[in-house]
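See structure below.
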Amino acid sequence: MVSATLGPRVLLRRLREVMAEPETAQVKLDKIVMIIAANMVAEVCSIYVMRPGNVLELYASEGLKPESVHKSKLKTGEGLVGVIAEQAIGLNLSDAQNHPSFKYLPETGEEIYQSFLGVPVMRGGAVIGVLVVQNRTKRNYSEEEEEALQTTAMVLAEVIASGELQEVAREVAIDVAHMRSHNLRFETLAEGIALGQVVLHEPRVEIHNLIAESIPHELKRLDTAIQQLREQVDELLDGSDAMRATDYSDVLETIRMFAHDKGWVNRLRDAVQTGLTAEAAVERVQNDNRARMMRMQDEYLRERMHDLDDLSNRLLRILTGAVATASRTDLPQNAIIVARNMGPAELLDYDRSKIRGVILEEGGKTSHVAIVARALGIPGIGLAEGLIDLVDPGDNIIVDGGTGEVFVRPSQELERAYGEKVRFYARKQARYAALRDLPAITKDNFPVELNINAGLIVDLPHLHDSGAAGVGLYRTELQFMMAQRFPRLSSQVRHYKQILEQAQGKPVVFRTLDIGADKTLPYLRQPREENPALGWRSIRMALDRPALLRLQLRAMLMAGAGQSVKIMFPMIADVDEYLQAKAAVDKEIDYLRKRGHDLPKTLKIGVMIEIPSLIWQLDHLLPLVDFASIGSNDLVQFLFASDRGNPKLAGRYDPLSPAALSAMRLIVEKGRQHGKKVTLCGELGGRPLEAMGLVGIGLSSMSMVPSGVGPVKAMIRSLDQQKLWAFMEPLLKSPLHSLRGDLLEFANRHGVVI
Ligand code: PEP
Ligand code: MG
């Protein structure tokens, strides 16, 4: 019934005029219902606005009795209007009164209208109202009419979400989001408590320019943007970013498929044809998708819709020129970054003085972004599925990295309680600080050397605050990840010199570049691989590209001239690889000596034991090295064939299992037999219960996140190592899935501070 002469574009133009008027939202809505009724030749046009408590209130109507406005109310799910809101679907009925959900509201006088067309008014995936047209005669509204009404609803959403109705829309969006079932799972990534404001890592794009001036122009913009989008996605897939977790490249593959999907593109073009700008068309189609997503039971399909949502966001960014991540925007002083996922370099892009916490929907404890969060001392939560749909930028939020809890828009009481908890946490830290200068030795005199892991210059003060013995792992790749291009020799030398200076004579173990899997360099194009974690990475890349490795070794040796230097190689799989790496060091020593450079006073070379094959090479390897460090993050991942970054596997296998502990026990024993120092630098060492298990198997040196030093030292000082070993030895031979429960019980029984 859209009049042939007027049409949706004229309707949109009229609506734009109304929107531009300096009137209240109520006046605008009153005018809008009149315009729609006239344009669509409908006898009734009504707007229902969602109010808190999920009540739809008749806000404006042309055709229904005026006294029913603001009086007629329907709960979500109640009546036709309630069904539309609940299911976020449109209803097109020729005989509305015989529909099972029809509810008769006597005050409206609507009994005389038989046909009914209603659509949800949506904003950001939430239903904020319902728009209805009605006619007396029994008729079916055409598809074009439905389209037109949907487009109108989109413009209407803008009116409702602005002006004095803004708060209403906001409350409702929140309400609706809370109503939806979200399967939230939390995992703590980094200790600490923070209160702050939500910053979405990938900001939502806000569109204000909804109505097209020229449709051909908008179609052209859309086509160009889609072209750009496809190129961007191809680049992402072929380029270095695809070296991230396989999960991520799967997502990109799906996104690429959607980007070329004709159905999607046609729907976008159709939406522009109804008179919307290209960006408004993307949002409209996105709204439809979100509504479908809400109704979907199948998790796999919901995931795919999520991917499509990602794609729409990318397209919106291209069309509006909005920034890709929030790191380049003005951050609040207490930012809590909420992201679907991010790489470690992306976290490093933020101004760390303003970040109080980080929450990831994906990404577990041993993902590198979590390691970076811990290194930066930022409380973190992972596996917070569905959180992005619940939060809005600027929302208050509490992150409890101790328990894994997240509180969105907490009440004032909760904020107060958490303020107290933050103070308590600070007091606890102060107690640990009191242990700073006490030795880390068990009650039965088993000394344990505690070191910190670091990767940035700003980590070094922790070495002294924590009272750790030294830096047991310096992840050199972080400097490379933050740079725009390969750091030159001079900048590498400067960097390592600074680290040694700040360590003030305490030992530092520099690990050579460990790039690959989720640690990518933006300027290094790496080939796409099926299994990046098992691929051409780390020492493998270094040995194949010796120039890179040699430059780094040269920088380390030059920086450490006249001092003690320790260098460690990552991801060594056999003795031969170690020998090749060691030969590169010898070559560099020769090179520097020939040119009259000063050399380090002492040089110790070590390996990381993080690939299981090495466990059966220890009798050959240990005599050749000065020390070895168990990289439990990778070792456990490879022992169990379980991707350390895959949220679905997080928690499936326990490093405190007989299998993992026995493997590590073997390494510790071999070290003792060969008189070579064995330490551990995976994340395990920083957690008191896990560290207790490690001390139990005889490990006497560990390197950990700086905030772990205090708690781990408190644990050690309250432990009897012999007693624990006697308890653990038989359990290591058991078929148990994990010894976690037994260890906890031991700790409780013997008063070990965990
Ligand atoms: C490890 O694998 O345990 C380790 C310390 O190295 P990274 O976490 O940097 O891979
Ligand atoms: Mg590793």
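The values are calculated or read from the model by the stated rules, or taken from the named source; none is laboratory data. Because the structure is predicted, anything quoted here is derived from the model rather than measured. FYI the Cβ positions are ideal-geometry reconstructions off the backbone, even for glycines, and counts take in every protein chain you see.
In the condition set (1) assigned to a helix (DSSP H, G or I); (2) more than 28 Å from the chain's Cα centre (by Cα); (3) among the charged types (D, E, K, R), LYS421 is compliant with all but (2).
Per-residue answers, yes or no, for (1) touching a helix residue (DSSP H, G or I) at 6+ places or on another chain (Cβ under 6 Å); (2) within 23 Å of HIS597 (Cβ to Cβ):
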residue: ARG511; (1), (2): no, yes
residue: ILE515; (1), (2): yes, no
residue: LYS519; (1), (2): yes, no
residue: PRO527; (1), (2): no, no
residue: ASN531; (1), (2): no, no
residue: GLN552; (1), (2): no, yes
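Within the option set LEU622, LEU618, being within 39 Å of the chain's Cα centre (by Cα), more than 15 Å from ligand 1 (Cβ to nearest atom) and either farther than 16 Å from VAL508 by Cα or not in a strand (DSSP E or B) (or both) holds for one residue only, LEU618. Restricting to the range 122-171, count the residues that are modelled with pLDDT of 90 or more and either part of a strand (DSSP E or B) or in contact with a Gly (Cβ under 6 Å, 6 or more places away or on another chain) (or both). The number of residues fulfilling the criteria is 7. Evaluating VAL83 against the criteria (1) within 36 Å of the chain's Cα centre (by Cα); (2) among the β-branched types (Val, Ile, Thr); (3) more than 24 Å from GLU158 (Cα to Cα) leaves one unmet condition, (3).
Candidates in the range 650-677 are the residues that are within 16 Å of ligand 2 (Cβ to nearest atom) and aliphatic (A, V, I, L, M); of these, the one that is surrounded by the fewest Cβ atoms within 10 Å (Cβ to Cβ) is ALA663.
Within the range 650-674, the set of residues being more than 16 Å from ligand 1 (Cβ to nearest atom) and either closer than 12 Å to LEU618 by Cα or part of a helix (DSSP H, G or I) (or both) comprises PRO658, ALA659, SER662, ARG665, LEU666, GLU669, LYS670, GLY671, ARG672, GLN673, HIS674. Considering only residues in the range 366-380 that are assigned to a loop (DSSP other than H, G, I, E, B) and modelled with pLDDT of 80 or more, the one that is surrounded by the fewest Cβ atoms within 10 Å (Cβ to Cβ) turns out to be GLY377. Candidates are the residues of the range 72-92 that are polar (S, T, N, Q) and out of contact with any strand residue (DSSP E or B) (no Cβ under 6 Å at 6 or more places or on another chain); the one that is surrounded by the fewest Cβ atoms within 10 Å (Cβ to Cβ) is GLN87.
Of all residues assigned to the range 474-483, at least one qualifies as being in a strand (DSSP E or B), within 23 Å of ILE611 (Cβ to Cβ) and within 16 Å of ligand 1 (Cβ to nearest atom). Annotation note: Cβ proximity below 6 Å between a residue of the range 503-521 that is touching a residue at least 12 places away in the same chain (Cβ under 8 Å) and a residue that is among the acidic types (Asp, Glu) and within 11 Å of ligand 1 (Cβ to nearest atom) (sequence gap 6+ or interchain) occurs for LEU513/GLU477; ASP514/GLU477; ILE515/GLU477; LYS519/GLU477. Taken over the range 598-611, the criterion of being part of a strand (DSSP E or B), within 28 Å of GLU683 (Cα to Cα) and not β-branched (Val, Ile, Thr) is satisfied by LEU603, LYS604, GLY606, MET608. Selection of first residues in the range 524-541 that are surrounded by fewer than 19 Cβ atoms within 10 Å (Cβ to Cβ) and at pLDDT 85 or above and of second residues that are aliphatic (A, V, I, L, M) and not in a helix (DSSP H, G or I), restricted to Cβ pairs under 8 Å at least 6 apart or on distinct chains, gives the following pairs, ordered by first then second residue: GLY535/ALA517; ARG540/MET571. Residue selection: ASN445 satisfies the criterion of being over 30 Å from ASP544 (Cβ atoms) and of a type outside the set (Gly, Ala, Ser). One residue is enough: does the range 452-460 have a residue meeting the conditions away from ligand 1 (no atom under 16 Å from the Cβ), crowded, with 20+ Cβ neighbours inside 10 Å and under 31 Å from the mean Cα position of the chain (by Cα)? Looking for residues that are away from ligand 1 (no atom under 16 Å from the Cβ), crowded, with 20+ Cβ neighbours inside 10 Å and under 31 Å from the mean Cα position of the chain (by Cα), one finds at least one in the range 452-460, hence yes.
Listed by position, the helices (runs of 4 or more DSSP H) enclosed by the range 1-112 that each have at least 3 residues that are modelled with pLDDT of 90 or more and closer than 23 Å to ALA280 by Cβ are 25-39. Among helices (runs of 4 or more DSSP H) entirely within the range 495-597, having at least 3 residues that are touching a strand residue (DSSP E or B) at 6+ places or on another chain (Cβ under 7 Å), within 28 Å of GLU235 (Cα to Cα) and within 16 Å of ligand 1 (Cβ to nearest atom) singles out 538-544.
Residues of the range 625-649 that are in a loop (DSSP other than H, G, I, E, B), in contact (Cβ under 8 Å) with a residue 24 or more places away in the chain, away from ligand 2 (no atom under 14 Å from the Cβ) and over 16 Å from GLU187 (Cα atoms): VAL625, ASP626. The number of residues in the range 638-659 being under 26 Å from PHE510 (Cα atoms) and in contact with a helix residue (DSSP H, G or I) (Cβ under 7 Å, 6 or more places away or on another chain) comes to 5.
LEU219: modelled with pLDDT of 90 or more, closer than 29 Å to ALA271 by Cα and of a type outside the set (Asp, Glu), yes or no? Answer is yes for this residue. What's the total number of residues in the range 414-433 that are touching a residue at least 60 places away in the same chain (Cβ under 8 Å) and in contact with a strand residue (DSSP E or B) (Cβ under 9 Å, 6 or more places away or on another chain)? The number of residues fulfilling the criteria is 6.
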